[in-house]
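Asker: Can you keep this structure in mind? I'll have questions shortly.
The values are calculated or read from the model by the stated rules, or taken from the named source; none is laboratory data. All of these numbers come straight from a predicted model, not from anything done at the bench. Ideal geometry is used to build each Cβ from the backbone, glycine not excepted, and the neighbour counts take in all protein chains shown.
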Amino acid sequence: MITNQTKSILQILANDRSLAETLERLGGKELLSSFQQVASESARLADSMLIPSLGRSGVEAALQLTFDPSSLRTDGDSVSAALLAGSDAVTSDTRRRLRLRNDARGEILRQSRTHGALKPILSETASSDKKTLANLGSADAKPQDLASVWLRSYLREDAPRLEGAAPEHVQAAAEAAAALSSVKDLTTNLPTSDEIARLLALAEFRRPLELLVGAPNGGGDRFAGREDELKRLRGFVDVLASHSVSEAVTRSFTRVTRTAATFLNDGSARGLTVVAGGGLGKSTLMAKFALDHFLGPVRPLPFIYFDFDRASLQPKDPAQLLIEAAKQLGAQFPSRADDLSRLRRDMRQWIVDREWASSAADTDPGLKERANPTRLRTFFDSFRETLRGAAYEQGVALLALDTMEIVQSVPEAVEGIRQFIERLCNQPFPELRIVAAGRAEIVELSTIRGLTMEPRPIELKALDVTDARLMVERLGAALMGNDWEERRWAKRIVGSRTDPEQRREPLTLRVSVELVRDTEPQLRGKVVEEIGELGQSASENFVGAIFLKRMLDHVPTELKALAWPGLVARKITRDLLKRVIGPIIEAPQDDIDRLFDRLAREIWIVERDGETLIHRADLRGRTLPLMCRHDPVKFKKLVDALLSHYRAEGDEAEAAYYRLLAGDDPTFLAAETPGEIVDRLGPSADDFSTAWAQKDLPHAATVRAYLRSRASPLMPVDAFKLLPAELAYTHLARVGAGLRRLEGRRVQACLVALPNSPVIFERMPASVRIARQSVLIKTGRWRELDPSELLVPTEAHDAVSLAWFVGRATSELASPRASELIEGLLFHIERRKTSFDWRVPAYLLALAKDRDAALYAHCEGHLLRGLPLASGGSGDRAALRAALTVADKAFANLAHHWAALAVDNDPGTVSSGEARALIDLSRETTLGEKLREMPSRWAEGLGRLAELQGGSDGQSTGPRRQADSPAMRLVAQWLLEHGNNPIIPHVALRRLFAARQEDWIVPVGYAVHATLRDRGSVPAREKAEEIDLFVNDLDARGPVSWVSNLDAILSSPPRPPSLTDGIAATRRADEAGSLLELATRSLDQSSPICSDLSACIARISRALDHSEIADAILAPRKNEFEILSAEQRLSPETMTRLRELGIRFYGLTFSQKSEIVGRLALLEDNDIAQPDFERFRRVFIRASERGKLADLEQAITEAEGRTDR
């Protein structure tokens, strides 16, 4: 052993040259060499010894990710203070432990290997470590222990490959690799950080799917049945092997058909939908389908899986969906990971730039260029190319959309998904297969260009008997192991073919097996028999009946009365049990505390929250109807007693709940109960399920609809129809922001179902009134709008609706009120400078051009100085078209944005009016060169379309819409290249943009929809069939082949299909330039919507100067709209001063504003309940009327001065 003194001598020998020469003379070179070798090695060890004299404890600590000093084996050595000094304290599994820092760990491992101590200690745990890593699909060890196993395996060089490992293993391997980062030379198989990230993404993708199919350990699953559905899915994708000869033959025939279609230039992607109600196993089927296609193919299949139940997905933004898709694809294909990682990085930066550019009042040119919307098309093009490359070997790329019901009630989310798919499919992509699953038909997918949907969806029903038994056998064995009596119990639970199918729904089967598992072992056989007996008459409330049976037969006798019907009370305290419930169920007063504590232990019935027991929500809704039926007299006594108790306590929410449970008509909620109280009742909606008998609770369905209206998400239309008008609008104010937007691709059933009954404005808060006005504007029900009741909204999309109504549908408003609303809208823009909706000034622009130069200049200034980036929806294109027909200085900016959207989102249609404008433009500009890039058949078709002329009534005959035309995209490309060129003939372009009236599609669509759906009487049916024929006859029958008169005479065309959606019909008519004609044809003087549709026609006619049509439909009205009369009109300078004064006033603090209006006596009592803008708008009106504008301006100036100081 080398002592410290020896070390010092050796150090001197190594450094003193004269002493070395003396030793060489005395002992020779050999002696000196030996001394020098020992000295050198000792010096090296001394210099590198970060933690000296560690012993075994140091090595053991280095071989664990974290360690407990008291658990280290020391072989007699004490744990070194230096070892502790080289560690950091961490919390692991709620315990405090130590973790060596990487440099200290590295020094210990190097020293222990040099001294030969590392290998023996590593071998001691080799057997147990290999056992832990034998099944990478599961991870039973604690995270820190699992990371230690991986760390030791990497040092032994026997770590298994991580491909297919569970997320816990991948994460543990990542921790181990990070801990060994300073000793990479000691092991050769450490995974890189990129590889870890890729494998973790794959593991996190698989894990929820494996849990759904019952394969949490990555092994075989317990999925049972659905062979027909899986066969259709296999055939649709056509990658996995067939399971039978007949399946192989069918798929071969389909494959030949698809190949021929692709050869004939049908480059469409293909889609299939899976539809199922709740509890039928839709998500489990999708998980099985996904795992089979993810793990099954020999060659990798590019697979993108969106589960919209994941909160991290952002379906409203197609760019965010593309980032997620690129992440998944990069994890599956390492060779393409770098390119996809760069794509994701660039997209994230683009999104940041987009947000900055949208919020900046004056966007710098560099930022504006980086945030250009056309870059999104480049990103999608790049991803499509990568995805098609990944699909080369298999010839298929798969996109799965699961739990679509989560987003189907959110139009913005549906639009985001639609845009994502449409951008993928806007170039031929025959390899792409899309499978979407939801609880209702996903009609939005059928509107996507470049995507062909299978006509017949997969619809799930209850399992057949064989499959149901197989599911129960596998589930029982998985949950109970050897305690499960496989054959006998499965047969009894499932029943026979003659039993109602409700007992064979997957959710019911799972609940039944779990109930058996949770029952005491000696009673399980009896419970199985009871389930079998109940199943013979299974109904919607079968699950509730199972729970009831267990409660009556297996709850201890002393608790039966308390649990049944004592749990009519949804929460129980000791005091409530003693004073209210106990006397009715005849519970001994001196036994209350023991009964309360005994019930608290029945956790399958109640949940404990401090000293309150709460009836489990998932059980309560299923059992309340059965409680009432079991003992209706005692049930009523308890409800009445609870109602009296909570009334006396002043608890309005609980009192209202028991009034509803007592059978009161729920209209009292709207008339008597504050909104915040009703909101608290929202989560209890399922207590009033359809399982209630009419005689027991006659208003159950209505109550459920009332309460569901106070919660999210958007209610189903059947429930929505039950709501009174005020509550319906309240629901739309809470969760229907997307439905209120002035856009849409189809008619929303709940908006059609809105009642026409009058509302009481005094009971409606401002937010609900604004929601109502937006909905009525959108659906064309303008006769129900009272101009004096209109409010200026605070939300941007509601402000857009009002701006459209004021700017485009103006004759309903008298002059002073219109002026007030316009001022309010402009005020709205100023107060939201960083996030205003540019469509507000866009829709006011046309009106202002004719009537108010100052207003026109003000609106153009907003559109000129920085147009926030548009999203690409139909509402953006509509507003841009409306503004482009009248814009002056802002024309080039608006045209650029329209072109940026049209390049990717143009519907690909051209009307005869647009064709004429294009021909004129091509003669006068370089657009002609661009249009000549079209294939000759399209160019010739465009010329023929332009030759169509209107008749004396302004209506043309024959097809007026050419579909799938590249013409408008070429125009968009031309504008992007030359959009800032001042020589562009604005007049010709204005004619192009005015050829359609996109902003009218939705309001007219709802009016037309009323005509389409009314086919009951003969006249109504004939009117609807006339519209069917007109709309279906709008299309050209190919690029060139126009049907001749002879063809029309000789042929007998089939009866056109019935149209089912008014917006789809009006959109198609607008694409043909025939929106006005469709509206006119739809007019039925006997219909209650006649006045609404007549008003729409009159407004469109004015815009198009078709006054003869308008005069024939709508007689002249009094008080036609004018912003201000000649006597009232203010000078532009005065208008500007008022706007500036309003903006300055709003910039003050609330206390400053209140002090000013109080001092000048400009606020009255009835102003207090008004929204901010309305309240302060009245202040300015009174200041003007009372000659106090100068005083108000002086007060504002003084307040601003105090703020500055």
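Asker: Quick check, is residue 620 basic (Lys, Arg) and under 30 Å from residue 518 (Cβ atoms)?
Answerer: Here the answer is yes, as residue 620 does meet what is asked.
Asker: Could I ask something else about it? On the given criteria, is residue 452 over 17 Å from residue 286 (Cα atoms) and assigned to a strand (DSSP E or B)?
Answerer: Answer is yes for this residue.
Asker: Sticking with this one: Taking segment 489-516 only, how many residues are at pLDDT 80 or above, surrounded by fewer than 18 Cβ atoms within 10 Å (Cβ to Cβ) and over 19 Å from residue 226 (Cβ atoms)?
Answerer: 4
Asker: Return the residues of segment 415-449 that are part of a strand (DSSP E or B) and of a type in the set (Gly, Ala, Ser); say none if nothing qualifies.
Answerer: 436, 437, 438
Asker: Something else about it: Just need a number here: residues in segment 710-726 that are within 27 Å of residue 654 (Cβ to Cβ), among the small types (Gly, Ala, Ser) and at pLDDT 75 or above.
Answerer: So the answer is 1.
Asker: Name the helices (runs of 4 or more DSSP H) wholly within segment 84-201 that hold at least 3 residues that are closer than 30 Å to residue 336 by Cβ and in the same structural domain as residue 330 (by TED's automatic domain parsing)?
Answerer: Once the helices (runs of 4 or more DSSP H) in segment 84-201 are filtered for at least 3 residues that are closer than 30 Å to residue 336 by Cβ and in the same structural domain as residue 330 (by TED's automatic domain parsing), nothing remains.
Asker: Looking only at segment 471-483, which residues are crowded, with 20+ Cβ neighbours inside 10 Å and either over 16 Å from residue 515 (Cα atoms) or not charged (D, E, K, R) (or both)?
Answerer: 471, 472, 475, 476 - these are the residues of segment 471-483 that are crowded, with 20+ Cβ neighbours inside 10 Å and either over 16 Å from residue 515 (Cα atoms) or not charged (D, E, K, R) (or both).
Asker: Here's another thing I want to ask about it. If the Cβ limit is 7 Å and pairs must be 6+ apart or interchain, which residue in segment 115-135 that is under 14 Å from residue 61 (Cα atoms) pairs with which residue that is part of a helix (DSSP H, G or I) and among the small types (Gly, Ala, Ser)?
Answerer: Partner pairs satisfying both residue conditions: 118/112.
Asker: Then there is this: Looking at segment 924-985, what helices (runs of 4 or more DSSP H) fall wholly within it and have at least 2 residues that are within 30 Å of residue 889 (Cα to Cα) and modelled with pLDDT of 70 or more?
Answerer: 927-931, 967-978
Asker: Name every residue in segment 836-857 that is surrounded by fewer than 20 Cβ atoms within 10 Å (Cβ to Cβ) and modelled with pLDDT of 85 or more, in order of residue number.
Answerer: Listed by number, the list holds a single entry, 857.
Asker: Here's a follow-up. If you go through segment 195-214 one residue at a time, do you hit one that is modelled with pLDDT of 80 or more, closer than 30 Å to residue 111 by Cβ, buried (at least 16 other Cβ atoms within 10 Å of the Cβ) and among the aliphatic types (A, V, I, L, M)?
Answerer: For segment 195-214, residues modelled with pLDDT of 80 or more, closer than 30 Å to residue 111 by Cβ, buried (at least 16 other Cβ atoms within 10 Å of the Cβ) and among the aliphatic types (A, V, I, L, M): present.
Asker: Counting just the residues of segment 622-637 that are modelled with pLDDT under 85 and in contact with a Gly (Cβ under 8 Å, 6 or more places away or on another chain), which one comes out surrounded by the fewest Cβ atoms within 10 Å (Cβ to Cβ)?
Answerer: 626
Asker: Could you give me the residue pairs with C-beta distances under 6 Å whose first residue belongs to segment 202-228 and is under 21 Å from residue 276 (Cβ atoms) and part of a loop (DSSP other than H, G, I, E, B), whose second residue is of a type in the set (Phe, Trp, Tyr) and modelled with pLDDT of 80 or more wherever it lies, and which are 6+ apart or on separate chains?
Answerer: Sorted first by the residue in segment 202-228, then by its partner, the pairs are 213/223.
Asker: Identify, from the list 524, 488, 449, 497, the residue that is in contact with a helix residue (DSSP H, G or I) (Cβ under 9 Å, 6 or more places away or on another chain) and in the same structural domain as residue 278 (by TED's automatic domain parsing).
Answerer: None of the other options fit; the residue is 449.
Asker: Just checking, how many residues over segment 148-185 are more than 16 Å from residue 64 (Cα to Cα) and among the aliphatic types (A, V, I, L, M)?
Answerer: The number of residues fulfilling the criteria is 4.
Asker: Next up: Search segment 220-233 for residues being at pLDDT below 85 and in contact with a helix residue (DSSP H, G or I) (Cβ under 9 Å, 6 or more places away or on another chain), and hand back the single one that is surrounded by the most Cβ atoms within 10 Å (Cβ to Cβ).
Answerer: In this case the residue turns out to be 224.
Asker: Filter segment 877-890 for residues that are in a helix (DSSP H, G or I) and surrounded by fewer than 22 Cβ atoms within 10 Å (Cβ to Cβ) and give the result.
Answerer: Residues of segment 877-890 in a helix (DSSP H, G or I): 877-884.
If the condition is that a residue be in a helix (DSSP H, G or I) and surrounded by fewer than 22 Cβ atoms within 10 Å (Cβ to Cβ), then 881 is the only one that fits.
Asker: Of the conditions (1) part of a helix (DSSP H, G or I); (2) free of Cβ contacts under 8 Å to residues at least 40 places away in the same chain, residue 607 clears all except one; give me its number.
Answerer: Residue 607 satisfies every listed condition except (1).
Asker: Sticking with this one: From the residues in segment 1055-1101 that are surrounded by 24 or more Cβ atoms within 10 Å (Cβ to Cβ) and out of contact with any helix residue (DSSP H, G or I) (no Cβ under 7 Å at 6 or more places or on another chain), which one is modelled with the lowest pLDDT?
Answerer: Filtering first and then ranking leaves 1074.
Asker: Right, here's the next one. Restricting the search to segment 615-657, which residues are within 36 Å of the chain's Cα centre (by Cα) and not hydrophobic (A, V, I, L, M, F, W, C)?
Answerer: 615, 616, 618, 620, 621, 622, 623, 625, 652, 654, 657, listed by residue number.
Asker: Looking only at segment 763-796, count how many residues are over 29 Å from the mean Cα position of the chain (by Cα) and either under 19 Å from residue 723 (Cβ atoms) or part of a loop (DSSP other than H, G, I, E, B) (or both). Break it down stepwise before answering.
Answerer: Filtering segment 763-796 for residues over 29 Å from the mean Cα position of the chain (by Cα) gives 763-764, 781-791.
From what is left, the residues that are either under 19 Å from residue 723 (Cβ atoms) or part of a loop (DSSP other than H, G, I, E, B) (or both) are 763-764, 781, 784-786, 790-791.
Counting residues in segment 763-796 that are over 29 Å from the mean Cα position of the chain (by Cα) and either under 19 Å from residue 723 (Cβ atoms) or part of a loop (DSSP other than H, G, I, E, B) (or both) gives 8.
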